[in-house]
Structures are given as structure tokens and as C-alpha cells.
Amino acid sequence: MYERGDVIMRSKPFAFIIITKYREEVCEACWEKIGDGKEKCQGCGYVYFCSKKCQESVIEKHNPECKVLQNCDEKKLRKVPEQLRLVLRIWLIKQNSDENELSESYNGYTRTYEEMMDHAEDLKGNSLKYVDSHYSLFKDVFTGVDLPDIEEFISIYGKIITNSFSLRTDRLINPEAFGTGVYLMPSIIDHSCTPNCTVVFRGTELLIVATQTVPDGKIQEVAKISYVNIMEDTAWRQLQQRAIWYFECDCDLCKNKSLDEEKHSLACEHCSKPVPVNIQALQKPGNCRACKKPVTSQHFIKYKNLHESVLKLNSRVENLIKKHGENGVTGEVCAEESISYNETAEWCVGEMEDVFSLRDITYIQLLHYVFTVCCTNERWSAGVVYGERALSSLEFYYGEKAGLLASLNMRLGICHGELGNTEMSSLYLDKADDIYRLVPGEKHPFYSQDFQTIYNAYEKCDQDSN
Ligand SMILES: [Zn+2]
Ligand SMILES: [Zn+2]
Ligand SMILES: [Zn+2]
Ligand SMILES: [Zn+2]
């Protein structure tokens, strides 16, 4: 049996790539932020390290890829989808490794590369055209080397889609994913929308950590992590699960759809209780269930229009990514676009108050986003307003002890601390401490260094003002 905070599994990356945007910022060997000791591979000029030592530590592993990259047309290479670079890496690893290196063991369990699911048949059935075009691109970019045939390509490609993790730093620096990685051992852990474990990074290692009691039993049967955002409604979660992992989840949250009702709901204009809206049909709901008074057309139209505005706002970001490519959303275009996106998002959030119920996930997600933008821009008072408005709803959907709540509480503690509200600041920082102390845990550098520094800084304010 495992208790909250226990490490269930540790795993080293089998293969990974750092996305182009972070290529010069994140070390290829240790994933630390690259500082003064920056080293560029002199062979391919394409990968970067934080030090000579790091470069030397992976030189043998990098060599086969280095030779291929040296032969590539730089322009083509810059545009190639990140996934295809990962396919190449895995292919080269397979070519240059013995059997031992193609498997990983932990605590009596073993997982081999071959055992990882690839859903090749499904891919051929549903997305053959797409995969075919990627294969052509792959052969066009990476030349002068033996490449996998289409069957092998689909298998590697499928294993990546099915088993990869977004790589995030284990520290406070940047919450955005900087790459994609495939880990062998953790691929035995299945999904649940009510998971009892979570993923924690420690350097390049991936840890599966219990967030609740995990009962005794075979690890693949008792431990679960979530592959999707558990706040999304069941229809959306299942759509993603089917499209990417080809499975039908039958967890409690998927079977009992009662939570879904209020995930799209307006605030009753009389009593402000949530009134569910059927988001597919987008028809005006009848009377409020609580006060029995009718929802007026005017109120519903406000909800509908704002809902559309937010969808448009989100699809604008998606289009931007499509237009510039995930690697290309940099420079001025992005800065300008993101400022106008943030302004519009904040405007929407203002308009949504009193129209959207605090159980409406579109509203809560946008509130949460605007909150983080305020924190980044040091707009502390606004941060407090948005953060506190989102807090109880996020607790309701994710549970009070979720990692997301720890970071929300920590930031609310910072906002209040900056405003001189010392009591509120320590209240939130203590709540964050309660969560972080167990996951990622006291020994994790995020806790012992980053979080403790923040915690002490505001505790010190507390003493200074007394
Ligand atoms: Zn390094
Ligand atoms: Zn190189
Ligand atoms: Zn489920
Ligand atoms: Zn009402």
C-alpha cells in the first residue's frame, strides 16, 4: 500500500526532444536552464548544453543523430514537426542499442520498448493520409541514412502519440512544457479521470507519486494517472481519449454524469445559483431549479454570446499556432497577439461575472488564466480578485489537495504578501505548504529551495510589520 506522497515509480527517459523554442535554453543532457557555460554541439550546431561536462556525458548517444543532422537542410529541419525529430531519435536508439537498453525495470516490474502500445492498426484505419504525409516529410528532411519503412515508422509514431509525456521543469522557472518524452516504465500506468497518482519531474527523471492511498495489488491495476484535464466535461474527455488512446474510460466520473450538468451553466439572475445549459443545443433553459423563476431571453443571450466570444478567442490562439507552427510563435507577432489576447480575456472575464455560474468550466478556466497573467505582470490586487473567485470552483473539481491548487494558493499568498495583507498571505502559503510538503515532497528541490524561499520571504514580511 502507498500513502499520499509516496513514490511509486522512478523512470529515466527512453527518448525525448526539446522543442525548437527552448533548444538554446534547456540543456540537452540535464534539462537545467542554460546559463553562462552554454555549449553548442560543433558537429550539427543544433543541440545545446549547459556545460562541457553535460555535453561529454551524452556525446556517444548523440553521435548517430549528429551525423544525420549534419546532412540536413537547415531550413527544412527548422520547419519539421517536433514529433518527427522524436521518431528519428527513437529509430536511431533502436538501431544502436542492445536488448537491455530497450527495456526498463523498477521494483520487480519490467517494461520493454516493444511492449508499448502503438495502435498501428487504428492509425492506419483512421489517419493513414495524415501519417503518410508525415512519412513523406520525414524522408524528405532526413536524408543520407537508412530510414525505417512505413510500417516501422507508423509503429514508432504511434508509440509516441500513445505514450509520451509533456516535459516540464521540476522548478519554478517556467510552467510551460519544453519538450516531449517517452518513458518505458510509466507506460504501464493506465488512465482514470479520478486518478490516485500524479507525475512529478525530478531533473530528467519522471516519478509517479501517490496523491491518495493506493491499495495493494499489481501496480498496473491499482495505480492510475490522468491523461486528460479532469475538469472538462465527460463528452469532451471521452472524445480525447478515443481520438488519442483508443479507449473508453469507465471510471466513476465517466459513469456518473451528474457533475457534468453544471459544467456549462449560467448564474440565475434572481438567486445566482447555477442553471445548467445544454451546450450542444444552446437552447434557453427553463426555470431555475433553486428559486423556480424563469431565465430571461436577454440573460441567456448574454451567456450565449460570451460563450461564443471565448471559443473564438481560444481558436484564435490555435490558428496562430497553426499559422506560425509551434516553433514559430515567437518574436513580435506573438508578443502583440498575446497582449491583445490577454486584454480580451480579461474583458470577457469581467463581462462573464453575474452571467456565468461559478461552476461553469469555460468561465473558471478563463478566470484562472487571467489570474496567472496578473501574477506575471505583478498586478497583485487584480490577481487577488480573479484568483479568489476561481479558488472554490477549482477545489470543487480538482480536490483541495491537487497540485494545481497548491500553485494557486502559493500565488494568492504572493499577491496578498505584496499588498501587505500578511495574514491572508500566510493563510494561503500554509495551504500551499500542506500540499507541496507531500507532493512533490520536502526533499524535492522545488520544495526545499524554490517554495521555501518564497514562503520565508513573506513570513519575514510578517515579522517585519509586527
Ligand atoms: Zn546540463
Ligand atoms: Zn551534434
Ligand atoms: Zn473517466
Ligand atoms: Zn434562481
> Regarding residue 155, is this residue modelled with pLDDT of 95 or more and of a type in the set (S, T, N, Q)?
Replying inline: yes
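Would you mind finding the one in 291, 249 that is assigned to a loop (DSSP other than H, G, I, E, B) and within 16 Å of ligand 4 (Cβ to nearest atom)? Explain how you work it out, then say what you get.
Details: 249 fails: within 16 Å of ligand 4 (Cβ to nearest atom).
The conditions single out 291.
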>> Can you pull out every residue in the stretch 34-65 that is within 11 Å of ligand 2 (Cβ to nearest atom) and of a type in the set (Ser, Thr, Tyr)?
In response: 46, 48
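With respect to residue 262, is the statement that it is within 16 Å of ligand 4 (Cβ to nearest atom), in contact (Cβ under 8 Å) with a residue 24 or more places away in the chain and of a type in the set (Asp, Glu) true?
On the way: within 16 Å of ligand 4 (Cβ to nearest atom): yes; in contact (Cβ under 8 Å) with a residue 24 or more places away in the chain: yes; of a type in the set (Asp, Glu): yes.
Against the criterion (within 16 Å of ligand 4 (Cβ to nearest atom), in contact (Cβ under 8 Å) with a residue 24 or more places away in the chain and of a type in the set (Asp, Glu)), residue 262 qualifies.
Please tell me if residue 408 is aliphatic (A, V, I, L, M), surrounded by 16 or more Cβ atoms within 10 Å (Cβ to Cβ), without any contact (Cβ under 8 Å) to a residue 12 or more places away in the chain and closer than 22 Å to residue 197 by Cα.
Details: aliphatic (A, V, I, L, M): yes; surrounded by 16 or more Cβ atoms within 10 Å (Cβ to Cβ): yes; without any contact (Cβ under 8 Å) to a residue 12 or more places away in the chain: no; closer than 22 Å to residue 197 by Cα: yes.
Here the answer is no, as residue 408 does not meet what is asked.
For every residue, the table says whether it meets (1) under 30 Å from residue 76 (Cβ atoms); (2) assigned to a loop (DSSP other than H, G, I, E, B); (3) within 19 Å of the chain's Cα centre (by Cα).
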{"site": "4", "(1), (2), (3)": "no, yes, no"}
{"site": "8", "(1), (2), (3)": "no, no, no"}
{"site": "13", "(1), (2), (3)": "yes, yes, yes"}
{"site": "16", "(1), (2), (3)": "yes, no, yes"}
{"site": "24", "(1), (2), (3)": "yes, yes, no"}
{"site": "29", "(1), (2), (3)": "yes, yes, no"}
{"site": "35", "(1), (2), (3)": "no, yes, no"}
{"site": "42", "(1), (2), (3)": "yes, yes, no"}
{"site": "53", "(1), (2), (3)": "no, no, no"}
>> Take residue 232 and tell me if it is within 16 Å of ligand 3 (Cβ to nearest atom) and either closer than 15 Å to residue 107 by Cβ or out of contact with any Asp or Glu (no Cβ under 7 Å at 6 or more places or on another chain) (or both).
In response: yes
> Among the numbered criteria (1) surrounded by fewer than 16 Cβ atoms within 10 Å (Cβ to Cβ); (2) part of a helix (DSSP H, G or I), which single criterion is violated by residue 400?
Replying inline: (2)
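If only one of 308, 262 is away from ligand 1 (no atom under 16 Å from the Cβ), of a type in the set (Asp, Glu) and surrounded by 13 or more Cβ atoms within 10 Å (Cβ to Cβ), which one is it?
Values: 308 fails: surrounded by 13 or more Cβ atoms within 10 Å (Cβ to Cβ).
Selected residue: 262, the only one of 308, 262 that is away from ligand 1 (no atom under 16 Å from the Cβ), of a type in the set (Asp, Glu) and surrounded by 13 or more Cβ atoms within 10 Å (Cβ to Cβ).
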>> Take the residues in the stretch 136-166 that are closer than 17 Å to residue 94 by Cβ and among the aromatic types (Phe, Trp, Tyr); name whichever of them is surrounded by the most Cβ atoms within 10 Å (Cβ to Cβ).
In response: 157
> Hey, any hits in the stretch 370-380 for a residue that's in contact (Cβ under 8 Å) with a residue 40 or more places away in the chain and β-branched (Val, Ile, Thr)?
Replying inline: no
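Condition check: over 26 Å from the mean Cα position of the chain (by Cα), more than 16 Å from ligand 1 (Cβ to nearest atom) and not β-branched (Val, Ile, Thr). Does residue 102 satisfy that?
Numbers: over 26 Å from the mean Cα position of the chain (by Cα): yes; more than 16 Å from ligand 1 (Cβ to nearest atom): yes; not β-branched (Val, Ile, Thr): yes.
Considered against the rule, which asks whether it is over 26 Å from the mean Cα position of the chain (by Cα), more than 16 Å from ligand 1 (Cβ to nearest atom) and not β-branched (Val, Ile, Thr), residue 102 comes out as yes.
With the structure loaded, tell me whether residue 83 is among the polar types (S, T, N, Q), within 15 Å of ligand 2 (Cβ to nearest atom) and either in a helix (DSSP H, G or I) or surrounded by fewer than 17 Cβ atoms within 10 Å (Cβ to Cβ) (or both) or whether it fails that test. Explain how you work it out, then say what you get.
Working: among the polar types (S, T, N, Q): yes; within 15 Å of ligand 2 (Cβ to nearest atom): no; either in a helix (DSSP H, G or I) or surrounded by fewer than 17 Cβ atoms within 10 Å (Cβ to Cβ) (or both): yes.
Taking the combined requirement at face value, the residue does not satisfy it.
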> In the stretch 438-448, how many are in a helix (DSSP H, G or I) and touching a residue at least 24 places away in the same chain (Cβ under 8 Å)?
Replying inline: 6
> Is the stretch 235-257 home to any residue that is touching a Phe, Trp or Tyr at 6+ places or on another chain (Cβ under 7 Å), within 19 Å of residue 395 (Cα to Cα) and surrounded by 17 or more Cβ atoms within 10 Å (Cβ to Cβ)?
Replying inline: no
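This table checks each residue for (1) charged (D, E, K, R); (2) assigned to a loop (DSSP other than H, G, I, E, B).
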residue: 344; (1), (2): no, no
residue: 347; (1), (2): no, no
residue: 350; (1), (2): no, no
residue: 359; (1), (2): yes, yes
residue: 371; (1), (2): no, no
residue: 374; (1), (2): no, no
residue: 383; (1), (2): no, no
residue: 388; (1), (2): yes, no
residue: 396; (1), (2): no, no
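The values are calculated or read from the model by the stated rules, or taken from the named source; none is laboratory data. This one's a predicted model, so the numbers in the text were calculated from it and none came from an experiment. So basically every Cβ, Gly included, is an ideal-geometry build from the backbone, and we count neighbours across all protein chains shown.
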